[in-house]
Amino acid sequence: MNTEDFRKHLHSHPELSFEEHSTAAFISEQLSELGIEHCPIANTGILARIEGKRGNLNRCVVLRADIDAMPIKELTGVEWASQSEGVMHGCGHDCHAAILYGVLKRLQAERDFEGTLLALFQPGGEGNPGGAKAILEENPFKDYNVAAVICEHVDADLEVGEIGFCPGKFLASEDELHFTVKGVGGRAAVRSRIKDSVVAMSDLILRLNTFNSDVCTLSVGKVVADGAADIVPDECYCVGSMQSFDERLRARVKDMIAHTAEEIEYKYDVEIEVDIRSGHPCVENDAQLTYEAMLLADSHGFVVKDLEQRVTAEDFGYYSQLYPSLFYCLGVGRDSGRRHTASFLPDERALAVGEEFMYQLALNILNK
């Protein structure tokens, strides 16, 4: 099977985070046809291994691709559109997995490298805390000296043939914020008999918004107040997220959130349950690894783009906490549309670019 057909199959059969059973079975089948050793990991993931013909086999490079899809109803209109109602590869993970498959196919045919190549088809990339954490809890690299963990992500802000890099901290950490405000509901007009959960929650959201800065973002994206025009509910609920590039600031803002909730409780005589669910750490690219990859990309005729820090988050940060890591961006063209939308459709020409660069990068690190 070629890379394009592999991608189209995955695109037609998307599965949500940690539900990638058919996806994993398909990947396993294709790897078996190539004679590539592999095993399940994190329940719905696949860990593949190819040993080189020479060198220390304990030294390895890990290539990672996420395989899960998103709860989106696809509207691309292509013949190979999603056959799963309300589920779509709207983030490009089908491309990531196909590129990794193409790289493995070439490396297995040659095996002309030193050490061991490990490949992660990772589940739960869209989840929190995500599949990376589940994989590392199994400690799959304990017998290896990991030289690098490599991952690419499609980027519609870059044209086909462009590859973007950012040494150092690239993507932010992310935490989920859950708040339940408990008051005393009742007839809205009889203010003396209620403890207004809606007003208290509104004040809380406005106070949280003041925490936003250049190095920390905080937003509330879901608010549930199940009352009526003239009825104030007993409870309200809201959910948000927080991103940061600094772990000390991250911890400090969490304390500030708890303190703010206490102030709102006192002000409105309500009770607020604060549930902060820690998510992904920052993605921090190894500087030397990044610069070497930039030089390699340039030497092979790709257009190298310097990228700024982004406040988006990725569970790849768990790997970068432990190993020299590189997360780079692969251009799929501005005509692809926006990621995480029903019409997102990466330019298929980017698959060949992504495969060639990841292949060359893996060889370059393995044979270093």
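Assorted remarks:
- Relative to the compact-globule estimate of 2.2 N^0.38 Å, the Cα radius of gyration of the chain comes out at 1.11.
- From its DSSP helices (H runs of at least four residues, each -39,500 (n - 2.57)), the chain gives a residue-normalised ellipticity at 222 nm of -10500 deg cm²/dmol.
- Projecting the Cα atoms of SER299, TYR266, VAL223 onto the charge dipole of the chain (Cβ charges, centred on the Cα centre) puts TYR266 farthest toward the positive pole.
- Using the Cβ-Cβ distance between SER278 and ARG54 with R0 set to 41 Å, the FRET efficiency works out to roughly 0.45.
- Surface share of carbon and sulfur [accessible, 1.4 angstrom probe, percent] for the chain: 47
- Sequence-distant residues sharing a close amide H with GLN309 (under 5 Å, placed H): none
- The GluC sites (Glu not before Pro) found in the stretch 261-322 that occupy coil by DSSP, while having at most 12 further C-beta atoms within 10 Å, are GLU308.
- Near the amide H of ILE41, within less than 5 Å, lie the amide hydrogens of ILE46, LEU47, all on another chain or at least 5 residues away, with H placed in the peptide plane.
- Where Cα atoms sit under 23 Å apart: lysine pairs in the stretch 1-147 separated by 8 or more or lying on different chains: 5
- Label-to-label distance, LEU295 versus GLN321, with points set 7 angstrom from Cα along the beta-carbon direction: 3.2 nm.
- Taken one residue at a time, the phi angles of the stretch 72-80 give Karplus couplings (6.51, -1.76, 1.60, θ = phi - 60°) of 10, 7, 5, 10, 6, x, 6, 4, 9 Hz. Gly and Pro are set to x.
- The stretch 288-368: relative contact order in percent, alpha carbon pairs under 8 Å with at least 6 residues between: 23
- Net length gained if the chain between SER192 and LYS267 were fully extended (0.36 nm per residue, minus Cα distance): 25.5 nm
- Kirkwood Rh in Å, taken over all unlike Cα pairs in the stretch 84-232: 21.0
- Charge tally around HIS89: other residues with Cβ under 12 Å, Lys/Arg +1 each, Asp/Glu -1 each, net -4.
- Taking amide hydrogens as placed 1.01 Å from N in the peptide plane, the amide H of ASP66 sits under 5 Å from those of GLN122, each at least 5 positions away in sequence or on another chain.
- Using C-alpha pairs below 8 Å separated by at least 6 residues, the relative contact order for the chain is 24 percent.
- In order along the stretch 91-105, the Karplus-derived 3J(HN,Hα) couplings, from 6.51 cos²θ - 1.76 cosθ + 1.60 at θ = phi - 60°, round to 10, x, 5, 4, 5, 4, 5, 5, 4, 4, 4, x, 5, 5, 4 Hz, and Gly and Pro are given as x.
The values are calculated or read from the model by the stated rules, or taken from the named source; none is laboratory data. Computed from a prediction, not measured in an experiment: that's the story for all the values here. Counting neighbours? That spans all protein chains shown, and the Cβs are built from the backbone with ideal geometry, glycine included. All accessible areas refer to the heavy atoms of the entire protein, side chains included, with ligands and DNA or RNA removed. Shrake-Rupley method; radii C 1.70, N 1.55, O 1.52, S 1.80 Å.
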